[in-house]
Amino acid sequence: MSQFLKCEFFTLLKLVGLLITVNIIVKIIGAESYSKVILLASVIAIVIYIFLFIWKFIRVLVTNDSEYQCKQGDTFKRALTWLSNIV
């Protein structure tokens with residue numbers, strides 16, 4: 001259970017960090033039309049990720065899945081996958 005929570009938490013932190021970085025870069029570049037769209041997509045992605053986390057958490061509690069495997073390197077890869085889907 002702690003492995004699941006740690007993995008999902010770090011994935012969320014890295015996703016939020018990447019989204020903030022992308023938003024800052026777009027603001028610096030000055031693409032105002034893209035800035036609003038990316039900001040909205042970032043908020044939607046975070047909300048969807050939280051709902052997905054709740055669903056996974058309930059599933060892990062109900063099934064008592066002790067085989068959940070996640071490595072620290074996987075969290076960054078998962079966050080980048082989410083970012084690529086947003087952009």
- Which pairs do you get when a residue that is over 30 Å from F57 (Cα atoms), found in segment 5-33, comes within reach of a residue that is of a type outside the set (D, E, K, R) and assigned to a helix (DSSP H, G or I), reach meaning Cβ atoms under 8 angstrom, with the pair 6+ apart or on two chains? V26/Y34; V26/S35; V26/I38; K27/S35
- Query: Within the bounds of segment 55-70, is there any residue that is modelled with pLDDT of 80 or more, in a helix (DSSP H, G or I) and under 16 Å from L13 (Cβ atoms)?
  - Reply: no
- Message: Among (1) small (G, A, S); (2) at pLDDT 70 or above; (3) outside any helix (DSSP H, G or I), there is one condition A45 misses while meeting the rest; what is its number?
- Response: (3)
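Just wondering, is there one or more residues in segment 44-61 that are in contact with a Ser or Thr (Cβ under 7 Å, 6 or more places away or on another chain), within 18 Å of T81 (Cβ to Cβ) and open to solvent by less than 50 Å² (accessible area, probe 1.4 Å)? Break it down into steps so the answer makes sense when it comes.
Here is the first cut: in segment 44-61, the residues in contact with a Ser or Thr (Cβ under 7 Å, 6 or more places away or on another chain) are none.
No: zero hits.
When you check G73 against the structure, is it modelled with pLDDT of 80 or more and of a type in the set (G, A, S), yes or no? First the steps, then the outcome.
On the way: modelled with pLDDT of 80 or more: no; of a type in the set (G, A, S): yes.
Considered against the rule, which asks whether it is modelled with pLDDT of 80 or more and of a type in the set (G, A, S), G73 comes out as no.
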- Name the one entry in L5, L39, L15 that is aliphatic (A, V, I, L, M) and open to solvent by less than 30 Å² (accessible area, probe 1.4 Å). L15
- If you take the residues in segment 18-36 that are exposed (fewer than 12 other Cβ atoms within 10 Å of the Cβ) and of a type outside the set (A, V, I, L, M, F, W, C), which one is nearest to L80 (Cα to Cα)? T21
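The values are calculated or read from the model by the stated rules, or taken from the named source; none is laboratory data. No experiment lies behind these values; they were computed from the predicted model shown. Backbone-built Cβ (ideal geometry, glycine too); neighbour counts: all protein chains shown. Please note that ligands, DNA and RNA were not included when accessible areas were found on the heavy atoms of the full protein model with its side chains. Shrake-Rupley method; radii C 1.70, N 1.55, O 1.52, S 1.80 Å.
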